[in-house]
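Here is the structure we will look at.
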Amino acid sequence: MAKASLILVLAFATTVFADDRIDALARAKRLCKKENIKITTTIHIADEHAGCDAVYWPSTDTIEVNLISSYWENPARSQTDSYNRRISSTSHVDHVIRHEIAHAKFYRHVGVTRGLEVKHMQFGIDTTLISNEVGFYATRDNLEFVAETWCGIMDGKKYSDKIMGYYNALWEQP
Ligand SMILES: [Zn+2]
């Protein structure tokens, strides 16, 4: 029994603390420190965030990394896959944390009330254009559009005047 438990614990530790995951989390911590954003790790299994790799909470200005997400087993491979499937705007290995940092920057800039307002606003431009230029995830809502476009710009991507005009307008207070 004790032996079986030990094997289970070792198997769990090997999965959870694989090198790629440790490296990705170390970089995530450094990136958040640079932006002065709190970062925590958690495990979302059976709630609404179960499918999320990470979540930003504007109320506490904290990025929560969902350790159980398979994304963290191999972030480079997961992100390349997501980019190739035209879901994400970049294939950058730190895309997920950059995306959450973008949420933090936006909420800090416009305030939590306005941030939530923007989230629930109807899109002001064609979502097919967003999907084609930025990526499918950016069509989820305006906040995801802002975050994914920000990541794209950070990665050196160039977008059309229509995308950039809409992006810049969302950053402005009404
Ligand atoms: Zn997001």
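Values in this text are rule-based calculations from the coordinates and carry no lab data. Computed from a prediction, not measured in an experiment: that's the story for all the values here. Cβ atoms come from the backbone with ideal geometry, glycine included; neighbour counts cover every protein chain shown.
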Inset, instruction - Report, in order of residue number, the helices in the chain meeting two criteria: a C-alpha extent of 20 Å or more along the helix axis, and a mean Kyte-Doolittle hydropathy of at least -0.5; treat each whole DSSP H run as one helix. - result: 2-16, 95-110
Inset, instruction - Principal axes first, then extents: for the Cα atoms of the chain, list largest minus smallest coordinate on each axis, whole Å, largest first. - result: 62, 33, 30
Legend entry - Estimated FRET transfer efficiency when R0 is 25 angstrom, pair Asp47-Ile87 (beta carbons, to 0.05): 0.70
Inset, instruction - For the chain, give the magnitude of the charge dipole about the Cα centre (Cβ charges: +1 Lys/Arg, -1 Asp/Glu; no others), in debye to the nearest 20. - result: 400
Inset, instruction - Give the percent of DSSP beta bridges with both residues in the chain that are antiparallel, rounded to the nearest 5. - result: 45
Legend entry - Cα-derived Rg to Rh of the stretch 48-87, Kirkwood definition: 1.04
Legend entry - the stretch 81-163 - percent relative contact order, Cα under 8 Å, separation 6 or more: 36
Legend entry - Cβ-based exposure ranking for Tyr159, Tyr167, in which fewest neighbours within 10 Å come first: Tyr159, Tyr167
Inset, instruction - Would you mind calculating the relative contact order of the stretch 17-171 from Cα pairs under 8 angstrom and at least 6 residues apart, reporting the percent as a whole number? - result: 19
Inset, instruction - Towards the positive end of the charge dipole of the chain, with charges on Cβ (+1 Lys, Arg; -1 Asp, Glu), say which of Met121, Ser131, Ala28 has the farthest Cα. - result: Ala28
